[in-house]
Amino acid sequence: MGNEMTPEEIFVSPQWVKDRQKSGDLKIVDGSWYMPATKRICGEEFEQVHIPGAVFFDQDKIVDPSSSFPHTVPSPEVFADAVGKLGISVDDEIVIYETGDLFAAPRVWWLFHIMGVQKLHILRGGIAAWQAERFETESGKVAPEPVAFKPVYAGEKVVFIEEMVLIAKHAKAHITDARSAERFTGAVPEPRANVRSGSIPGSVNVPYGSLVEDGAFKALDTMKVIFEAQGVKKDKPVVTTCGSGVTAAVLFLALNLLGYENVRLYDGSWTEWGTVT
């Protein structure tokens with residue numbers, strides 16, 4: 001993604017989606033995901049109500065099957081097989097939505113981004129904005145026609161634990177943590193069992209929610225101030241992290257829109273760091 005990408009290109013309106021639907025050349029993806037404690041089953045919610053023509057991207061299943069950690073980045077081959085079965089090719093134009101308020105959709109955006117999709121959008125305000133326009137919805141299972149997805153993998157945008165240890169030890173990058181302040185400081189226990197509280201040494205806290213407004217991002221100038229207040233400037237690379245790699249993608253997308261040149265995501269995030277280090 002080049003720095004010419006703008007919020008207006010990323011975040012699209014329900015009307016924009018509806019207009020594109022008519023021409024039939026837009027793939028619509030429900031990327032909803034919630035913390036396990038909510039007990040929400042997004043696949044079942046999708047079957048109850050979704051935007052017409054949409055498919056469901058299961059963030060708990062389109063993963064590296066060998067990893068013991070939640071929704072870790074799958075190999076390009078695993079990803080290609082899964083999204084090909086959803087009827088999506090690397091050349092498609094895709095819009096991602098969710099049932100929440102810009103929480104999980106950026107992670108799906110990021111996965112498609114690192115796998116080579118160029119035309120990627122997020123529905124501003126999610127399905128709630130679609131329903132507020134009184135646009136129709138559908139229910140039931142979907143059966144997309146499988147296609148071939150040929151990934152162009154940008155693996156350099158993913159950080160794994162071995163490198164993360166060195167980055168933290170030698171302060172090679174700004175490490176930005178998207179979790180809440182209470183989790184970052186260790187004031188509250190982590191929501192996952194057997195994961196200690198705390199944060200990666202040298203990291204700073206930019207709670208993802210501080211960047212979000214009305215199902216999209218706050219103004220670029222506002223986000224710039226938020227990052228720079230934590231010392232996250234353009235003087236060195238940035239690595240984003242969170243609890244398990246989902247909201248780290250909110251920061252990844254925000255930093256790219258702000259023109260940061262070298263932004264990467266630590267996929268294992270605190271669930272891995274707080275377990276194995």
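Data for the structure
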quantity	calculated
Subset of region 196-207 that is in contact (Cβ under 8 Å) with a residue 60 or more places away in the chain and in contact with an Asp or Glu (Cβ under 8 Å, 6 or more places away or on another chain) - its residue that is surrounded by the fewest Cβ atoms within 10 Å (Cβ to Cβ)	196
Region 208-261, residues that are in contact with a Lys or Arg (Cβ under 8 Å, 6 or more places away or on another chain), open to solvent by less than 40 Å² (accessible area, probe 1.4 Å), more than 19 Å from residue 159 (Cα to Cα) and in a loop (DSSP other than H, G, I, E, B)	215, 258, 259
Residues (open to solvent by 30 Å² or more (accessible area, probe 1.4 Å) and either in a strand (DSSP E or B) or among the small types (Gly, Ala, Ser) (or both)) located in region 97-120	119
Qualifying positions in region 162-195 - in contact (Cβ under 8 Å) with a residue 60 or more places away in the chain and of a type in the set (Lys, Arg)	172, 179, 183, 192
Residue ID - farthest from residue 212 (Cα to Cα), chosen from residues in region 229-277 that are touching a residue at least 60 places away in the same chain (Cβ under 8 Å) and acidic (Asp, Glu)	272
Among (1) without any contact (Cβ under 8 Å) to a residue 24 or more places away in the chain; (2) farther than 30 Å from residue 14 by Cβ - the single one residue 159 does not satisfy	(1)
Residue count, region 19-43 (criterion: surrounded by fewer than 17 Cβ atoms within 10 Å (Cβ to Cβ) and closer than 20 Å to residue 102 by Cα)	8
Long-range neighbours under 8 Å by Cβ, at least six apart or interchain, first residue at positive phi within region 97-120, second open to solvent by 10 Å² or more (accessible area, probe 1.4 Å) and modelled with pLDDT of 95 or more	102/212; 102/217; 116/90; 116/150; 116/151; 116/152; 116/153; 116/154
Residue check for residue 16: open to solvent by 50 Å² or more (accessible area, probe 1.4 Å) and within 29 Å of residue 260 (Cα to Cα)	yes
Number of positions in region 249-277 that are at positive phi and out of contact with any Ser or Thr (no Cβ under 9 Å at 6 or more places or on another chain)	1
Failed item, numbered, when residue 94 is tested on (1) more than 22 Å from residue 161 (Cα to Cα); (2) open to solvent by less than 20 Å² (accessible area, probe 1.4 Å); (3) out of contact with any helix residue (DSSP H, G or I) (no Cβ under 7 Å at 6 or more places or on another chain)	(3)
Any hit, region 171-182, residues being surrounded by 13 or more Cβ atoms within 10 Å (Cβ to Cβ), β-branched (Val, Ile, Thr), at pLDDT 95 or above and not in a loop (DSSP other than H, G, I, E, B)	yes
Long-range neighbours under 9 Å by Cβ, at least six apart or interchain, first residue modelled with pLDDT of 95 or more within region 52-63, second outside any loop (DSSP other than H, G, I, E, B) and among the polar types (S, T, N, Q)	52/21; 53/21
Hey, residue 84 part of a helix (DSSP H, G or I), open to solvent by 10 Å² or more (accessible area, probe 1.4 Å) and among the small types (Gly, Ala, Ser) or not	no
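Residue-by-condition table, conditions (1) surrounded by fewer than 20 Cβ atoms within 10 Å (Cβ to Cβ); (2) under 18 Å from residue 272 (Cβ atoms); (3) of a type in the set (Gly, Ala, Ser); (4) in contact with a Gly (Cβ under 8 Å, 6 or more places away or on another chain):
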position	(1), (2), (3), (4)
75	yes, yes, yes, no
128	yes, no, yes, yes
134	yes, no, no, no
158	yes, yes, no, no
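The values are calculated or read from the model by the stated rules, or taken from the named source; none is laboratory data. These numbers were taken from a predicted model, which means no experiment stands behind them. For neighbour counting, all protein chains shown are included, and Cβ atoms are generated from backbone atoms with ideal geometry for every residue, glycine included. Accessible surface is based on the protein model in full, side chains and every heavy atom, while ligands, DNA and RNA are left aside. Shrake-Rupley method; radii C 1.70, N 1.55, O 1.52, S 1.80 Å.
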